[in-house]
Amino acid sequence: MNSETGGRIVVTGATGNVGTSLVRLLAEGAEVGSVRGLARRIPDWSPARTEWSAVDLANEDSDLVKEFEGADAVVHLAWAFQPTHDPAATWRTNVLGSIRVFEAVAAAKVPALVHASSVGAYSPGPKDHMVDESWPTHGWPDAAYCREKAYLERSLDAFEYEHPGVRVVRMRPAFLFKRESASEQRRIFGGRFLPGPLARPELLPFLPDIPGLRVQALHTDDAARAYQLALRSDARGAFNLAGEPPIDAETLGEMLGARPVQLPRSAARTAIAAAWGLRLLPASPHLFDAVLRLPLMDCSRAHTELHWRPEHTAVEVLEEFLHGMQQGAGAETEPLRGRKVG
């Protein structure tokens, strides 16, 4: 971006978890002249130097080239997690919609594309040491989320080969949380009617300790800073993003004051599968299988090349998120609307 004239950045999925953090950060930065946020529903929220367009990536008639013309970079964040019982629907939005974004970036001659990949794109990996960005990205094929993220990694491989003049950055963050996303994520993974106050530690008689349940978390604002740094730089390629320490039952037990009790993986999966089959739980057992197999990520490349380090620990992230769930926290956009149940 030209810091003297101010760059023009287009952000898809601008009203979601990462989008709201990134748009706010870009609107505050002197190096950005304008931000165009694309979302299915235009919000009441009006950050400085930001304009909105109502765009549904699942709609083949959306004129993305028109939206991207004159942009210095496109940041592609849009993603649909549901309906988990209809993988063809999420494929249309996430995969086919993303491919339309890539094609429009090339047609509009946008010089940079920053794409939101995920730890979910990675093939199963170790839980006792960390892997860098060279780890295979074939996902866990039984989980739609991982399958879609992995497919887009292959699509970007082809895109970079065909359009070497476009600078492509692939962000692979860990699980992203912030206070304002608590209500949305409760609805996505726990269900619309799961009471947020159930996230109170004193209501947990014990904490299930499931083999393989060791993951990484990151504050959404920290992820947004990494996107901003990528836009400011000439960086290319993939970057792992995660906070410390890795989260497991022992860490959660200390945080919540609950005693970890070992629970067989099969028992936990059976319960999740039953609830999902009865449509009581949106999160599928296939995603549960994937989470147990995700590798831990080494973020050295982001530290060295982007000069990025998270400002929040993973424990601080989860504490903020749990408080948000209890309070029905949200934001001024349709995806992040707050709602307290119970």
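What follows draws every value from the coordinates through simple rules; no lab data is involved. Quick caveat, the model's predicted, so the values are computed rather than measured. Cβ atoms come from the backbone with ideal geometry, glycine included; neighbour counts cover every protein chain shown.
Figures for the structure shown
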{"item": "Per DSSP, loop GluC sites (Glu not before Pro) in the stretch 1-62 with at most 15 further Cβ within 10 Å", "result": "Glu4, Glu60"}
{"item": "Virtual spin-label span in nm between Glu69 and Glu334, 7 Å along Cα→Cβ", "result": "2.6"}
{"item": "Dipole magnitude of the chain, debye to nearest 20 (Cβ charges: Lys/Arg +1, Asp/Glu -1, about Cα centre)", "result": "800"}
{"item": "Pairwise FRET efficiency - Ala89 versus Val131, Cβ, R0 = 25 Å, nearest 0.05", "result": "0.20"}
{"item": "5 angstrom amide H check on Val110, placed H, neighbours 5+ away", "result": "none"}
{"item": "Calculated FRET efficiency for the pair Asp44/Phe189, C-beta based, R₀ 22 Å, to 0.05", "result": "0.25"}
{"item": "Residue-by-residue Karplus 3J(HN,Hα) for the stretch 7-21, coefficients 6.51, -1.76, 1.60, Hz, glycine and proline x", "result": "x, 10, 10, 10, 10, 7, x, 6, 9, x, 4, 6, x, 5, 5"}
{"item": "Per-residue HN-Hα couplings for the stretch 178-191 [Karplus 6.51, -1.76, 1.60; θ = phi - 60°; Hz; x = Gly/Pro]", "result": "7, 4, 5, 8, 4, 5, 4, 6, 4, 5, 5, 9, x, x"}
{"item": "Built amide H within the under 5 Å cut-off of Leu241, gap 5+", "result": "Arg172, Ala174"}
{"item": "DSSP loop chymotrypsin sites (Phe, Trp or Tyr not before Pro) with at most 14 other Cβ within 10 Å excluded, longest remaining stretch of the chain", "result": "1-192"}
{"item": "Asn59-Glu103 pseudo-label distance in nm [points 7 Å out on the Cα-to-Cβ vector]", "result": "1.7"}
{"item": "Förster-model FRET efficiency, 22 Å R0, Glu316 and Ala271, C-beta, rounded to 0.05", "result": "0.15"}
{"item": "Taking the stretch 1-79 and dividing mean pair separation by its residue count, relative contact order in percent (alpha carbons under 8 Å, at least six apart)", "result": "39"}
{"item": "Which of His312, Ala30, Gln216, positive extreme of dipole for the chain (C-beta unit charges)", "result": "Gln216"}
{"item": "In nm, spacing of pseudo-spin labels at Leu278 and Ala158 (7 Å Cα→C-beta vector)", "result": "4.3"}
{"item": "The stretch 27-68: Cα Rg divided by the 2.2 N^0.38 Å rule of thumb", "result": "1.29"}
{"item": "Full-stretch length increase - Gln327, Glu28 - with 0.36 nm per residue and alpha-carbon distance subtracted", "result": "104.9 nm"}
{"item": "Residue-wise HN-Hα coupling along the stretch 225-236, computed from phi with Karplus coefficients 6.51, -1.76, 1.60 (Hz; x: Gly, Pro)", "result": "5, 5, 4, 4, 5, 5, 5, 6, 9, 9, 4, 10"}
{"item": "Cα gyration tensor category, rounded, prolate or oblate, for the stretch 268-313 with a/c compared to 1.5", "result": "prolate"}
{"item": "Amide hydrogen neighbours beyond the local backbone of Trp52, cut-off 5 Å, H modeled", "result": "Gly37"}
{"item": "Calculated [θ] (222 nm, deg cm²/dmol) that DSSP helices of n ≥ 4 give over the chain, each run adding -39,500 (n - 2.57)", "result": "-10000 deg cm²/dmol"}
{"item": "Translational D in µm²/s for the stretch 16-125 (Stokes-Einstein at 25 °C, 0.890 mPa s, Kirkwood Rh from C-alpha pairs)", "result": "163"}
